[in-house]
Amino acid sequence: MAAHDPTALIHHPYQPPAGFEAPQAGVFKASTVIFPNVAAMRARDWKHKHGYTYGLHGTPTTFTLEERIAHLEHGLQCVLAPSGLAAIALVDMALLQHGDEVLIPANAYGPGKDFAAQQLAGWGITHRFYDPLDAAGLDAMIGPATKLVWLEAPGSVTMEFPDLRGLVAVARARGVRTALDNTWGAGIAFDGFDLGQGLGCDVVMQALTKFPSGGGDVLMGSVTTRDEALHLKIKLAHMRLGLGVAANDAELVLRSLPSIALRYHAHDRAARALAAWLQQRPEIARVLHPALEGSPGHEHWRSLCTAAAGLFSVVFEPRYTPAQVDGFCDALRLFKLGYSWGGPVSLVVPYDLKAMRNPVPYDGTLVRFSIGLEEDEALRADLAQALAGLG
């Protein structure tokens, strides 16, 4: 019997035939990328997807996902990050330096605000929070040090829909870049690069963790641009930070993308129906959903959007204590207690507004719902039985 030959096994010459096609993109995993010769090693350009150099710089799998996300967002270039928060941090670190200022919506995603308050502040980058419903107020805040304005539509948890056109117009007139957190819109509800009236954001990021993934099992973010120089600035920061995503995670997002519009509109339809039903309940003081009249910023949503995702919040009547509202959340059977959204399972989270906003915008305990893909009637019955237990 011949001895085992590990060298021949490692360097086996077989190559599968070219031309294999299937509905899903292939999964390519690599840290090391093999070059045919030194000239190719020196000549390859990873910055523009003209070739492969190292796993962190891209593989066929990640290049494919980046191109499809750029298409979804109506952008030209995209880079992937390990999470939505990592995508926010990437934009900040690529575009800001010591002495600069960033302006952030007062209702923005909490960890992004915390990154500015802790990390950016430690590097000599200042920040202030502005009212996203007040474009004139933003204009008054912009100064010589202001280099970036973050936008988020709608705001985190309290769901105010900002005057995106007015805010972008102000920033553009003052020569300040804008970056939009478009996780809620997902490239479906509106186009962050084309808000109408010749206005658009400079950078659009998403937490692909949410609707593009759709399964509640992937952490990933994206940063999309249309300007080549701006893209290269972000791409080089991305490289220097060593940001990468796993090929199998990219595969999962690629598998989910073809159904994103169907899922998004299904979430939207169910959420609007349940939000309207909760508006009629005596236990609820207010429903915060951009597509409902009376919700803050509704007129901005109506002028811009074609859909509204599956996310909304309610404020309970002040007569209910936080402990009672916690009990309501615990009593839900189909709704699960958990952060994030955009997956098949409906979720619920109670929030302490006093710890999030100053001044506190509402008198009463707030609860956020993410509507999944369950049947509407089953979710309504679950809410009804939990509300009945409030007393």
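Under a 5 Å amide H cut-off, with hydrogens placed 1.01 Å from N, THR146 pairs with GLU101 among residues at least 5 apart or on other chains.
So if we plug the beta-carbon distance of SER259 and ALA384 into 1/(1 + (r/R0)^6) with R0 = 35 Å, what FRET efficiency do we get, rounded to 0.05?
Numbers: r = 30 Å, r/R0 = 0.86.
Taking R0 as 35 Å, the efficiency between SER259 and ALA384 is 0.70.
Using only the Cα atoms of the range 1-136, construct the convex hull and provide its projected area averaged over every direction, in square nanometres to one decimal.
For the Cα atoms of the range 1-136, the hull's average projected area reads 15.2 nm².
The distance from the alpha carbon centre of the range 294-358 to that of the range 143-210 is 22 Å, rounded to a whole number. Each of LYS147, LYS233 was scored by other Cβ atoms within 10 Å of its Cβ. Listed from fewest to most, they are LYS233, LYS147. At a Förster radius of 41 Å, what calculated FRET efficiency corresponds to the Cβ-Cβ distance of HIS98 and VAL27, to the nearest 0.05? It comes out at approximately 0.50. Quick one: check the C-alpha center-to-center distance for the range 3-38 versus the range 76-132, whole angstrom. Using only Cα atoms to place each centre, the spacing works out to 40 Å. For the range 38-258, the Kirkwood hydrodynamic radius from C-alpha pairs, put into Stokes-Einstein at 4 °C and a viscosity of 1.567 mPa s, yields a diffusion coefficient of 74 µm² per second.
In this structure, LYS354 and HIS48 have a Cβ-Cβ separation that, at R0 = 45 Å, corresponds to a calculated FRET efficiency of about 0.40. For the chain, adding -39500 (n - 2.57) for each run of n ≥ 4 DSSP H residues and dividing by the number of residues yields -10000 deg cm²/dmol at 222 nm.
Inter-label distance, VAL345 to ASP217: 1.2 nm, where each label sits 7 Å from its Cα along the C-beta direction.
Relative intensity of the chain on a log10 scale, I(q)/I(0) at q = 0.08, 0.13 Å⁻¹, equals -0.46, -1.08, per a Debye sum over C-alpha point scatterers of equal strength in the absence of solvent. Counting 0.36 nm for each residue step from ASP131 to LEU76 and taking away their Cα separation leaves a gain of 16.8 nm. Comparing GLU21, GLU375, GLU293 in a Gaussian network model of the chain where C-alpha atoms under 10 Å apart are linked, the largest mean-square fluctuation is found at GLU21.
When the chain is fully extended, how far beyond the present Cα-Cα distance does GLU293 get from GLN118, taking 0.36 nm per residue of separation?
Taking GLU293 through GLN118 to full extension adds about 59.3 nm, to one decimal.
Considering only LEU241, LEU332, LEU219, the Gaussian network model of the chain with Cα springs below 10 Å gives its largest mean-square fluctuation to LEU241.
Cβ crowding within 10 Å ranks CYS305, CYS78, CYS329, CYS201 as CYS329, CYS305, CYS78, CYS201, fewest other Cβ atoms first. Pairs with C-alpha atoms separated by more than 19 Å, drawn from the list LYS210/LYS336; LYS47/LYS235; LYS113/LYS233; LYS113/LYS147, are LYS113/LYS233.
Only the coordinates and a few stated rules stand behind these numbers; no lab work does. Owing to the predicted nature of the structure, the values given are computational and were not obtained by experimental measurement. Using ideal geometry, Cβ is built from the backbone for each residue, glycine included, and neighbour counts are taken over all protein chains shown.
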